[in-house]
Amino acid sequence: MGIDAVLLEHRSRRVDRAEWKCALRPVPNENGDHALYRAKIRKFFHSIATLPLSAPFPLEEPARTEDFDLVIVGSDEVWNLKHPWYGGSLLFYGDGFRSSRLASYAASFGNQISPDGMNGFWTDKLLNFADISVRDLNSARLIRDLLGYEPELVLDPCLQFPRVITAREKVDPGHDYIALYGHGFPAWFQKSVRTWAREKEYPLVSIGYRNDWADSQWIDAGPEDYAGFIAGARAVVTNFFHGCIFALVNGKPFACVLSDYRSNKIRDLTTLIGADRRLIGEESASMDLPQALDHPPELVISERIAALRRNSNDYLRHVVR
């Protein structure tokens, strides 16, 4: 859009320790994969270093950044006070920046569903935003409850700007495979997916995390690896928000199951774009899962994404005017 933009490079030893601990052992009771997870982290560091970053500054001291005409906060769970290491960080509420204007893009409250405890202090921080957009219905409802007006609903950046992702090279192993992305899948879902995959004679390949019920593992995949892997897959099985997003970007059949932590954002995404039948429940799994994995996203889903993409572009043009 012709804007000179940088990503704000906040630093925190406390957050680094929490994030690395999770990244090195994301799955409980997992052993023997530390070297692979370390390799994965190094790939992420390398990719991050290629981005247009600001000069680093302490997470708790945003005033140490340079002056900006506009600071955009988002996306993801920037306003989730329950986030395990970023919850309650004033930075994500725009506090302390030397900026003439604040806006949000695709901000989310994550798994926080109640406005209790947010009145007063946190509400006052949100009132400092000149423009607010969110990416899910739960966050829109919370903004209505807290501020009394309707925020804009926009797409997650990965779905809003697909050309950045689709420019990646596909992974081509010479045969069809099913991409498995996430962890902590319920036993009934594992059984249903394996039954379908065996009938189709498609191998299940787990990327980024160990899932012993898959046929093979690609744990040390980096961001570019992941984008190409999803692009080359026959279908996608996930319980992660961005598993759904990358499947949609590539027009892949996908099936998703809810997890406690990610239920709000995944359910709201499927509702917004009309993909509710790809959200698999235990009682209807035998019917819904094959339908979801045998067929790419329907035309109505593409049309709703296109409409939301137009709305997101309009919002961004307004914000950077």
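If only residues of region 13-39 that are touching a residue at least 60 places away in the same chain (Cβ under 8 Å) and closer than 24 Å to GLY94 by Cβ are counted, the one that is surrounded by the fewest Cβ atoms within 10 Å (Cβ to Cβ) is ARG14.
State all residues of region 89-121 that are among the hydrophobic types (A, V, I, L, M, F, W, C), over 22 Å from the mean Cα position of the chain (by Cα) and under 20 Å from LYS265 (Cβ atoms); if no residue qualifies, say none.
Quick first cut of region 89-121, residues among the hydrophobic types (A, V, I, L, M, F, W, C) only: 90-92, 97, 102-103, 106-107, 109, 113, 118, 121.
Add one more test, that the residue is over 22 Å from the mean Cα position of the chain (by Cα), and what stays is 97, 102, 118, 121.
Across region 89-121, the qualifying residue is only MET118.
Checked against (1) touching a strand residue (DSSP E or B) at 6+ places or on another chain (Cβ under 6 Å); (2) assigned to a loop (DSSP other than H, G, I, E, B), ALA103 passes all but condition (2).
Residues ASP172, ASP145: which one is surrounded by fewer than 20 Cβ atoms within 10 Å (Cβ to Cβ), under 20 Å from GLY228 (Cα atoms) and out of contact with any strand residue (DSSP E or B) (no Cβ under 7 Å at 6 or more places or on another chain)? Spell out the reasoning first.
Numbers: ASP145 fails: under 20 Å from GLY228 (Cα atoms).
None of the other options fit; the residue is ASP172.
Number of residues in region 273-287 that are surrounded by fewer than 19 Cβ atoms within 10 Å (Cβ to Cβ) and either of a type in the set (A, V, I, L, M, F, W, C) or assigned to a helix (DSSP H, G or I) (or both) equals 4. So which residues in region 229-251 are part of a loop (DSSP other than H, G, I, E, B), surrounded by 24 or more Cβ atoms within 10 Å (Cβ to Cβ) and within 15 Å of the chain's Cα centre (by Cα), if there are any at all? Within region 229-251, ASN239 is the sole residue that qualifies.
Here is a yes/no grid of residues against (1) part of a helix (DSSP H, G or I); (2) of a type outside the set (Val, Ile, Thr):
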| site | (1), (2) |
| --- | --- |
| ILE3 | no, no |
| ARG17 | yes, yes |
| CYS22 | yes, yes |
| ALA35 | yes, yes |
| ALA39 | yes, yes |
| PHE45 | yes, yes |
| ILE48 | yes, no |
| LEU91 | yes, yes |
| PHE97 | no, yes |
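Any chance region 83-95 includes a residue that's crowded, with 18+ Cβ neighbours inside 10 Å and more than 25 Å from PRO223 (Cβ to Cβ)? Taking every residue of region 83-95 in turn, at least one turns out to be crowded, with 18+ Cβ neighbours inside 10 Å and more than 25 Å from PRO223 (Cβ to Cβ).
Somewhere in region 76-88, is a residue of a type in the set (Phe, Trp, Tyr) and free of Cβ contacts under 8 Å to residues at least 60 places away in the same chain? Within region 76-88 (the criterion being of a type in the set (Phe, Trp, Tyr) and free of Cβ contacts under 8 Å to residues at least 60 places away in the same chain), the answer is no, since none of the residues qualifies. Residues in region 204-222 that are surrounded by fewer than 16 Cβ atoms within 10 Å (Cβ to Cβ) and touching a Ser or Thr at 6+ places or on another chain (Cβ under 8 Å): SER216 alone.
Within region 288-321, which residues are surrounded by 15 or more Cβ atoms within 10 Å (Cβ to Cβ), within 16 Å of VAL193 (Cβ to Cβ) and among the charged types (D, E, K, R)? Within region 288-321, just ASP288 meets the criteria.
Report, by residue number, each residue of region 21-68 that is within 21 Å of the chain's Cα centre (by Cα) and over 16 Å from ILE219 (Cβ atoms). Walk me through it before giving the result.
At the first step, the residues of region 21-68 found to be within 21 Å of the chain's Cα centre (by Cα) are 21-27, 37, 40-53.
Correct list: LYS21, PHE45, HIS46, SER47, ILE48, ALA49, THR50, LEU51, PRO52, LEU53.
Pull up region 105-142, narrow it to residues that are within 25 Å of GLY274 (Cβ to Cβ) and polar (S, T, N, Q), then point me to the one that is surrounded by the fewest Cβ atoms within 10 Å (Cβ to Cβ). Here the answer is ASN111.
Cβ-Cβ distances below 9 Å connect the following pairs, each with a first residue in region 287-301 that is in the same structural domain as PHE246 (by TED's automatic domain parsing), a second residue that is outside any helix (DSSP H, G or I) and among the basic types (Lys, Arg), and a separation of six or more residues or different chains: LEU293/ARG234; PRO296/LYS252; PRO297/LYS252.
Show me the helices (runs of 4 or more DSSP H) entirely contained within region 130-212 in which 1 or more residues are touching a Pro at 6+ places or on another chain (Cβ under 6 Å) and either in contact (Cβ under 8 Å) with a residue 12 or more places away in the chain or of a type in the set (D, E, K, R) (or both).
Working: elements: 137-147, 157-160, 162-166, 187-200.
Ranges flagged: 137-147, 187-200.
The values are calculated or read from the model by the stated rules, or taken from the named source; none is laboratory data. Every value quoted in this text rests on a predicted model; they were computed, and no experiment measured them. Every residue, glycine as well, gets a Cβ built from its backbone with ideal geometry; the counts of neighbours run over all protein chains shown.
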